[in-house]
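A short reminder: the numbers here are calculations on the coordinates, not readings from a lab. The structure displayed is predicted, hence computed values, not measured ones. A quick note on method: Cβ atoms are made from the backbone with ideal geometry, for glycine too, and the neighbour counts reach across all protein chains shown.
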Amino acid sequence: MKATPKDEVRALLEKLPDDASLNDIQYHIYVRQKIERGLEAIRKGNVIPHAEIEKRMARWLEK
């Protein structure tokens with residue numbers, strides 16, 4: 001059974017120090033969301049190959 005978002009936040013809170021600020025908590029939730037979003041993009045194949053990124057960077061640096 002997949003953990004609910006509430007369960008995930010509880011687990012995150014348990015890992016943080018007792019003196020973590022609200023900003024710290026928000027930041028950790030934000031980072032976790034971004035990681036999950038990236039992993040989902042990978043699963044769906046919504047990625048740009050490394051070689052393509054190198055080509056794009058080379059073009060940008062020429063300008």
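The table below lists the values:
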{"item": "In sequence order, calculated HN-Hα J values of segment 23-33 (Karplus, 6.51, -1.76, 1.60; Hz; x Gly/Pro)", "result": "4, 4, 5, 4, 4, 5, 5, 4, 4, 4, 4"}
{"item": "Summed side-chain charge close to GLU62 - residues other than GLU62 whose Cβ falls under 12 Å, Lys, Arg +1, Asp, Glu -1", "result": "+4"}
{"item": "Length gained when the stretch GLU8-VAL31 is fully extended (0.36 nm per residue, less Cα-Cα span)", "result": "7.0 nm"}
{"item": "Cα-projected label distance for GLU40 with ILE53, points at 7 Å along beta-carbon direction, nm", "result": "2.1 nm"}
{"item": "Value at 222 nm in deg cm²/dmol, rounded to 500, when DSSP H runs of n ≥ 4 in the chain each add -39,500 (n - 2.57)", "result": "-24500 deg cm²/dmol"}
